[in-house]
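Read through the structure below, which is laid out as structure tokens, and then see the notes.
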Amino acid sequence: MALAPVSPRDPAQSSAYGLDFQSLLRIILTQLTYQDPLKPVDNFQFVSQLAQFSQLQQSQTLNDQITGLLSAQSAMQATGLIGRTVEYASASGPVSGAVQSVSFASGQPEVTIRTTAGDILANISIANISQVR
């Protein structure tokens, strides 16, 4: 039942060489500005570069959408735990209790648990939950 945290990425950040899409467009513009007028960039090369940049932008958009989907799935999973008895690993050993509420303050879902002893434990990451009953 453990869920790895999803860290948001900068939507304009490319995995290729750490350049964003705007920087890559500036490179093309600079290349066109300073090209030799007697030897211009071949049309095929230019269209190929534009297609690569378009594919890069589409990949970034898809990655952003998948990140959003994972966040929504994580939120649904966490809200589905309300009222359920869970067990999670703490420093002192496994602790069991009923999930009272879910919060999203840190960007990741965290639950508040009322233990069988009556204690209230807040800000428990759902990644630490090992069993749901």
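Contact map, region 40-63: residues that are part of a helix (DSSP H, G or I) paired with residues that are among the aromatic types (F, W, Y), Cβ distance under 6 Å, separation 6+ or inter-chain. Pairs shown: Q57/F21. Kindly indicate whether any position in region 98-120 is assigned to a helix (DSSP H, G or I) and either exposed (fewer than 11 other Cβ atoms within 10 Å of the Cβ) or at pLDDT below 90 (or both). The answer is no, given that none of the residues of region 98-120 is assigned to a helix (DSSP H, G or I) and either exposed (fewer than 11 other Cβ atoms within 10 Å of the Cβ) or at pLDDT below 90 (or both).
Any residue at all in region 79-89 that is loosely packed, with under 12 Cβ neighbours inside 10 Å, polar (S, T, N, Q) and either outside any helix (DSSP H, G or I) or touching a residue at least 40 places away in the same chain (Cβ under 8 Å) (or both)? No, that holds for no residue.
The single condition among (1) in contact (Cβ under 8 Å) with a residue 24 or more places away in the chain; (2) farther than 30 Å from S23 by Cα; (3) of a type in the set (A, V, I, L, M); (4) surrounded by fewer than 16 Cβ atoms within 10 Å (Cβ to Cβ) that L70 does not satisfy is (2).
Take region 124-133 and flag every residue that is surrounded by 11 or more Cβ atoms within 10 Å (Cβ to Cβ) and free of Cβ contacts under 8 Å to residues at least 60 places away in the same chain. Spell out the reasoning first.
Start the filter on region 124-133 by keeping residues that are surrounded by 11 or more Cβ atoms within 10 Å (Cβ to Cβ), which leaves 124-132.
Scanning region 124-133 gives a single hit, I124.
The values are calculated or read from the model by the stated rules, or taken from the named source; none is laboratory data. Predicted model, so just to flag it, every value in this text is computed and none were measured. Using ideal geometry, Cβ is built from the backbone for each residue, glycine included, and neighbour counts are taken over all protein chains shown.
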